[in-house]
1. Taking the residues in segment 261-296 that are among the small types (Gly, Ala, Ser) and open to solvent by 40 Å² or more (accessible area, probe 1.4 Å) as candidates, determine which candidate is farthest from residue 327 (Cα to Cα).
2. Looking at 83, 110, 74, 47, can you tell me which residue is at pLDDT 95 or above and open to solvent by less than 20 Å² (accessible area, probe 1.4 Å)?
3. Quickly run through segment 1-14 and pick out the residues that are open to solvent by 50 Å² or more (accessible area, probe 1.4 Å) and assigned to a strand (DSSP E or B).
4. State yes or no: is residue 195 touching a Pro at 6+ places or on another chain (Cβ under 8 Å), open to solvent by 40 Å² or more (accessible area, probe 1.4 Å), within 26 Å of residue 413 (Cβ to Cβ) and not acidic (Asp, Glu)?
5. Scan segment 173-197 for residues that are under 30 Å from residue 154 (Cβ atoms), under 21 Å from the mean Cα position of the chain (by Cα) and touching a residue at least 40 places away in the same chain (Cβ under 8 Å) and jot them down.
6. Looking at segment 221-247, which of its residues are open to solvent by less than 10 Å² (accessible area, probe 1.4 Å) and aliphatic (A, V, I, L, M)?
7. Give all pairs with beta carbons closer than 6 Å in which a residue from segment 279-295 that is under 13 Å from residue 311 (Cα atoms) meets a residue that is in a helix (DSSP H, G or I); count only pairs at least 6 apart in sequence or on separate chains.
8. Do we have residue 323 as in contact (Cβ under 8 Å) with a residue 12 or more places away in the chain, out of contact with any His (no Cβ under 7 Å at 6 or more places or on another chain) and crowded, with 24+ Cβ neighbours inside 10 Å here?
Amino acid sequence: MTGPLLLRDAEVDGRVRADVRVADGRIAEVGAGLVRRAGERTVECGGGALLPGLCDHHLHLHAMAAAERSVPCGPPHVTAPDGLAAALRGAAPDAHGWIRGTGYAEGVAGHLDAAGLDAFRADRPVRLQHRSGALWTLNSAAVRAAGLAAGGHPGIERGADGAPTGRLWRADAWLRGRLPPAPPADLAGVGARLLRWGVTAVTDATPDLDGTALAAIGAAVRGGALPQRVHLLGVPPEGPAEPLPPRVTTGPYKIVLADSGLPPLDGLVARIGRAHAAGRAVAVHCVTREALFLLLAAFDEAGTRPGDRIEHAALVPAETADGLAARGLRVVTQPGFIADRGDDYLRDVPAADRPDLYRCAGLLAAGVPVGLSSDAPYGPADPWAVMDAAVRRRTRSGAVLGAGEAIDPAAALRAYLAPPGEPGGAPRRVRAGAPADLVLLHAPLRDALGSLASGAVREVWAG
């Protein structure tokens with residue numbers, strides 16, 4: 001918790017110069033000419049903008065920590081087969097002899113299976129995660145070590161002969177149970193990196209968190225390794241088995257509509273109904289047109305409740321925007337993917353569908369609350385880069401994708417200032433009584449909005 005603090009001459013609300021006093025983890029006073037008290041640290045802000053801390057409304061903490069100890073195997077680090085070969089052959093195995101690669105995209109070396117991955121490294125068990133997070137590809141040594149041939153998970157892809165191909169869909173927990181024990185997740189590096197960018201609150205969108213994962217997050221928050229407030233979507237509908245610590249809260253219940261295989265309508269209705277009956281809203285992973293139409297039909301049968309939200313909304317036909325608003329649904333989306341993968345979309349997505357990708361402006365115009373987020377580690381984690389992508393809609397090559405969905409910089413920032421429990425809601429403000437989650441910028445807000453770069457952040461306080 002931040003000690004007594006006096007911030008002098010800060011720009012508040014983008015227009016007012018004021019002093020701000022912090023005590024006991026909260027904003028105690030906002031006014032002109034506040035007198036320093038004994039024991040207060042004083043920070044001369046020089047007219048730099050003072051903002052509430054940013055909130056990333058959808059990321060994956062444990063996956064971010066795992067990515068930090070993995071080998072990058074996709075763009076922008078690796079873009080061709082020779083780069084993948086160099087990355088995997090130069091990778092040091094973990095204590096159990098395994099190599100873990102992340103961020104793979106088909107543009108690097110095609111649709112790999114076990115035999116294809118063997119060509120890049122076969123002497124050690126290798127598991128390679130697709131950049132979507134939905135697919136693991138194992139080489140032959142890893143297939144044998146994990147026992148895929150005898151495994152019973154429905155996500156194990158098999159060839160015509162019944163043998164596993166090495167491709168494993170949405171089976172993280174199952175695979176983790178077949179691997180040597182991993183060291184405890186070190187969330188300190190993730191927390192520090194997010195804090196440098198001004199992120200003081202996050203929503204962890206990992207589905208079906210087990211007791212070990214919940215305990216690790218709770219311990220990291222209690223011990224200060226993770227300074228952010230954490231809102232959890234992966235808690236069972238009935239709530240956590242053990243009480244959560246302060247600064248950790250339960251959000252809507254996460255449901256995944258996997259693009260590799262959609263569930264039957266009645267099953268989806270039942271899952272939504274179970275969460276609603278337990279007093280929980282739902283947060284539904286939805287990235288295709290078919291998944292969206294299925295979800296809307298399910299909501300029409302199950303009904304909606306305040307807080308129901310759609311995660312990603314990667315492809316939203318224009319004609320559905322009014323229907324989302326009429327049902328009271330929120331959208332948490334990631335325009336950072338336009339900057340990160342937009343050139344792939346321009347190559348692979350039919351031209352008629354491209355205007356529907358990661359909508360922002362059209363949803364807002366229809367009255368749909370929109371929260372911005374990173375989906376880190378699968379998307380760019382820097383919130384300022386995500387905001388810039390929402391404004392400019394530029395790909396790595398400089399092409400503009402979905403220009404009509406661009407929003408202005410102030411709207412992009414507001415989407416990161418909404419509280420964790422209300423993405424797309426009214427932005428938090430620097431006011432007496434509010435939690436002292438604060439971000440001081442080097443310059444006034446107008447200047448910062450002109451560049452939307454993380455270098456604008458001067459100092460951050462979480463609580």
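The values are calculated or read from the model by the stated rules, or taken from the named source; none is laboratory data. Given the structure is predicted, the values throughout are model-derived calculations rather than measurements. Here the Cβ is made from the backbone with ideal geometry for all residues, glycine too, and neighbour counts use every protein chain on show. Heads up: the accessible areas ignore ligands, DNA and RNA and are worked out on the full protein's heavy atoms, side chains in. Shrake-Rupley method; radii C 1.70, N 1.55, O 1.52, S 1.80 Å.
1. 261
2. Exactly one residue qualifies, and that residue is 47.
3. Of everything in segment 1-14, those that are open to solvent by 50 Å² or more (accessible area, probe 1.4 Å) and assigned to a strand (DSSP E or B) turn out to be 8, 9.
4. So residue 195 passes the test.
5. 185
6. 226, 230, 232, 233, 235 - these are the residues of segment 221-247 that are open to solvent by less than 10 Å² (accessible area, probe 1.4 Å) and aliphatic (A, V, I, L, M).
7. Taking only residues 6 or more apart or on different chains, the pairs are 282/272; 282/275; 284/295; 286/292; 286/295.
8. In short, no.
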